[in-house]
Amino acid sequence: MSASHPIVDIHTHMYPPSYIKLLASRTTVPYIYQPTESDNSDTSDPRLIILASDDDPSRPKALRGRPVDGTYSSFDEKRAFMKRHGISCSVISLANPWLDFLDPGSALKTAQEINNDLDSASAENNASPSNEGLKLYAFGCLPLSAPSQDIVSEIRRLKTRKHVKGVIMGTTGLGKGLDDPALDEVYSALASTSTLVFLHPHYGLPDSAFGGPEVVARSGHVLPLALGFPLETTIAVSRMYLAGVFDRHPQLQFLLAHSGGTIPFLAGRIESCVAHEREFIANGGSKQGPQRSIWDVLHTNIYLDAVIYGQPGLKAAIEAAGSVDRVMFGTDHPFFPPLGDEKDSKWLSVESNKGAIDGCLSQEEEAKRKILGGNAMSVLGLDL
Ligand code: URA
Ligand code: ZN
């Protein structure tokens, strides 16, 4: 892509140094474990232990989770990755599990610090001629364990930060999921400030859904990440839809990670089950079902990223979103790095997402341009 057709990465994470420090100060999930000599381990890299299934007591701590290196917290590493893959602009978000685990008293202050760090690092980056025109923006994080008025005040404050272009959020909401009526105040604030919500999974499914911890452990992160993450997103958005969140807040704008989990594939089935549900008022029952078609919601309230690594999934995403205008390129950096020594080569995870876009839209230059960056520029109002 040329400078007039920039590639924008809307799904790219960081743990700023203050967050790394926070995780390193903890000993329960989520935490970072720093191996010591007494671990007798081959590696001295700190370990990121953030998923419940990471903290397997039958493994030594020095081998739990994943190694966490500079790619997680260094802006220089982010820029090097961008250059290597021809990415001109990254919209950085705090990685999971965000601030979900903080006590209510510290959540607002921590959110403000992290959001200010991301906003000022982006401002500094964008003003510096030595960065060869690479641009950074951010999705802020919300203090979801704090009282609603604190969450709303942070949503409003973020509108005043020039480089913050939306917020990233997990699926637990205030603790009871995204269909919790107590979230209405937060949804009203998000809708009235036109704040885009980047919805991202973290919790996956319980090990029992896969046959128990022993089965999960046999293939490391494959089941939690390949299936647990997308199904978590699918369930969260389906619950929002069924509870009428998009009926009550028709202006809400959500960007779903990993091309919406399995929503594009299952939307027709969800629509059909709703149309055949006798409990719903529309079908003679007594319960209020969703009042809008799921397709209408997908076409007006939902954007999907293109982080799906294959053509069938990407085709389903474009089809379900209703148009190429609602799908945006992402990488999920720094996750899914090359496993060998080829640190300076292109990442398979990135190339497979780019390859899917090329393959699905081989003759459609304008559509490719939109997914790779044009949509992000217009939806997020990026100045590139
Ligand atoms: N693994 C994670 O924990 N988070 C991501 O975003 C991707 C992979
Ligand atoms: Zn991600």
Condition check: within 23 Å of P143 (Cβ to Cβ) and either away from ligand 1 (no atom under 14 Å from the Cβ) or not in a helix (DSSP H, G or I) (or both). Does T234 satisfy that? no
Which condition breaks for V167 when tested against (1) closer than 16 Å to H13 by Cα; (2) more than 16 Å from ligand 2 (Cβ to nearest atom)? (2)
What strands (runs of 3 or more DSSP E) completely inside region 9-100 contain at least 1 residues that are open to solvent by 40 Å² or more (accessible area, probe 1.4 Å)? 31-33
Kindly list, by first and then second residue, each pair from a residue in region 274-295 that is under 11 Å from G244 (Cα atoms) to a residue that is loosely packed, with under 14 Cβ neighbours inside 10 Å, limited to pairs with Cβ atoms under 7 Å and residues at least 6 apart or on different chains. Q288/I281; G289/I281; G289/A282
Only one of these conditions is not met by P143: (1) touching a residue at least 12 places away in the same chain (Cβ under 8 Å); (2) of a type outside the set (S, T, Y); (3) more than 16 Å from ligand 2 (Cβ to nearest atom); (4) surrounded by fewer than 18 Cβ atoms within 10 Å (Cβ to Cβ). Which number is it? (4)
Please go through region 242-279 and pick out each residue that is away from ligand 1 (no atom under 16 Å from the Cβ) and touching a strand residue (DSSP E or B) at 6+ places or on another chain (Cβ under 6 Å). F254, E279
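The values are calculated or read from the model by the stated rules, or taken from the named source; none is laboratory data. Please read all numbers here as calculations on a predicted model, not as lab measurements. Heads up, the Cβs are rebuilt from the backbone with ideal geometry, glycines too, and the neighbour counts pull from every protein chain shown. The protein model used for the area step is the full one, side chains on, heavy atoms only, and it has no ligands, DNA or RNA in it. Shrake-Rupley method; radii C 1.70, N 1.55, O 1.52, S 1.80 Å.
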